[in-house]
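Beneath this line is the structure, given in structure tokens, with notes to follow.
The values are calculated or read from the model by the stated rules, or taken from the named source; none is laboratory data. Because the structure is a prediction, the values reported are computed rather than measured. Note: ideal-geometry Cβ built from the backbone for every residue, glycine included; neighbour counts use all protein chains shown. Protein only, heavy atoms only, side chains kept; ligands, DNA and RNA dropped before computing areas. Shrake-Rupley method; radii C 1.70, N 1.55, O 1.52, S 1.80 Å.
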Amino acid sequence: MTTRIAVIGAGLMGADHARIVAEDLPGATLQVVCDMDEARARAVADELGAAHAASDPEAAIARDDVDAVIIASPDFTHAPLSRACIAVGKPVLCEKPLSQQPDECLAVMQAEEATGRRFVMLGFMRRYDQSYVEMKAALTSGQIGRPLMMHNFHRNVETPAADFTGAMAITNSAPHEFDVVRHVLGCEYASITAHQPRRSDSRVAPVVMVLETTDGQLVTIEVNNNAAYGYDVRAELVGEAGSIAMNNVAYTRTDAKLASATRYDADWRARYHEAYVRQNRAFLTFAKTGSFPEIASSCWDGYCAAITAQAGAKALETGTRQPVTFIAKPEFYA
Ligand code: ISE
């Protein structure tokens, strides 16, 4: 039996999710592509052979011929549309962030918990990237000993908008690291500081964060949204008996004119394509079986990312070390 999926949002990420559903998800059908701009929805639906194009997300979610939903519409719609999916009892893969407001995350958690079962999987796709999978495996097997530090670099070519701020680097980009580092280390954060060097122009400068975990590890995160040279994500996990570092993912190397070069992608979509496919396949299994994938992010993880980002933005604004304080983890998300 095929699972009929509605993709909400036909922008960059929505179109990518729709393509994965249409081309890389055996057992699923791209049923509806929905976007506030119906012409954009129609263009993606036609290109990928979806049965329908639509412009009303709630109506698309409630359709009888839709079994599961992928939300890739603008960030502020994620929480309300996730609740719409919960209300009609349909599994949903919601792009990050669930919300930047912890209270809004809590409201989705409460709505989900009230049903007594999981409906929401959150699209923190890096958990499915092979580099992080191997880092977590190195910890589990004891290969590098007890973890001490995790260093992270997250660089974009340029900001998506001219008015992008340092706080937005923390609330928009860093949540990927906030989530995947918690996942790899298997612990929570206790505090965060945030710092910025000065640029010579008006563009947003990199933000460097230092987090302490409740187990006494240090986590460094550099987010540089104006790195200029390419999309570049690096990480190194340092343990007491060794270290494991992510390699730059490049399929080829060009040797010419006395030089050797590999290339960078312009953004995250190619770098993480494989992770998105694995994540979406895990979502399909969840939609078919109701069994929440062990490594996937939940609403609880979305809440933790929002709390950490909020503390990070305050740390940057005030120049002080901020505590990262979560509510007790509900049994439902254990
Ligand atoms: C951006 O905010 C995202 O959400 C992307 O998933 C990420 O990979 C990118 O680097 C971020 O800046």
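For (1) assigned by TED's automatic domain parsing to the domain that holds Lys136; (2) within 21 Å of Arg83 (Cα to Cα); (3) in a loop (DSSP other than H, G, I, E, B), each residue gets a yes or a no:
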{"site": "Asn248", "(1), (2), (3)": "yes, no, yes"}
{"site": "Arg263", "(1), (2), (3)": "yes, no, yes"}
{"site": "Asn280", "(1), (2), (3)": "no, yes, no"}
{"site": "Ala313", "(1), (2), (3)": "yes, no, no"}
{"site": "Phe332", "(1), (2), (3)": "no, yes, no"}
Of the residues Arg146, Arg155, Arg118, which single one is touching a strand residue (DSSP E or B) at 6+ places or on another chain (Cβ under 8 Å) and over 30 Å from Ala228 (Cβ atoms)?
Arg146
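Checking the condition in the same structural domain as Ala287 (by TED's automatic domain parsing) and out of contact with any strand residue (DSSP E or B) (no Cβ under 6 Å at 6 or more places or on another chain), which residue from Arg42, Arg19 passes?
Arg19 is the lone residue from the list that is in the same structural domain as Ala287 (by TED's automatic domain parsing) and out of contact with any strand residue (DSSP E or B) (no Cβ under 6 Å at 6 or more places or on another chain).
Does Ser173 satisfy being within 11 Å of the ligand (Cβ to nearest atom) and out of contact with any Lys or Arg (no Cβ under 8 Å at 6 or more places or on another chain)?
Taking the combined requirement at face value, the residue satisfies it.
Take segment 77-104 and flag every residue that is within 15 Å of the chain's Cα centre (by Cα) and either open to solvent by less than 60 Å² (accessible area, probe 1.4 Å) or free of Cβ contacts under 8 Å to residues at least 40 places away in the same chain (or both).
His78, Ala79, Val92, Leu93, Cys94, Glu95, Lys96, Pro97, Leu98, Ser99
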I'd like the residue in segment 211-266 that is of a type in the set (Phe, Trp, Tyr) and in contact (Cβ under 8 Å) with a residue 60 or more places away in the chain and, out of all such residues, is farthest from the ligand (Cβ to nearest atom).
Tyr229
From the options Ala305, Ala296, residue that is more than 15 Å from the ligand (Cβ to nearest atom) and within 22 Å of the chain's Cα centre (by Cα)
Ala296
Going through segment 45-65 in order, the residues found to be within 24 Å of the chain's Cα centre (by Cα) and either among the small types (Gly, Ala, Ser) or open to solvent by less than 20 Å² (accessible area, probe 1.4 Å) (or both) are Ala60, Ile61
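Out of curiosity, is Asp255 open to solvent by 70 Å² or more (accessible area, probe 1.4 Å), among the acidic types (Asp, Glu) and in a loop (DSSP other than H, G, I, E, B)? Spell out how you get there, then give the answer.
Details: open to solvent by 70 Å² or more (accessible area, probe 1.4 Å): yes; among the acidic types (Asp, Glu): yes; in a loop (DSSP other than H, G, I, E, B): no.
When the stated conditions are applied, Asp255 does not pass them.
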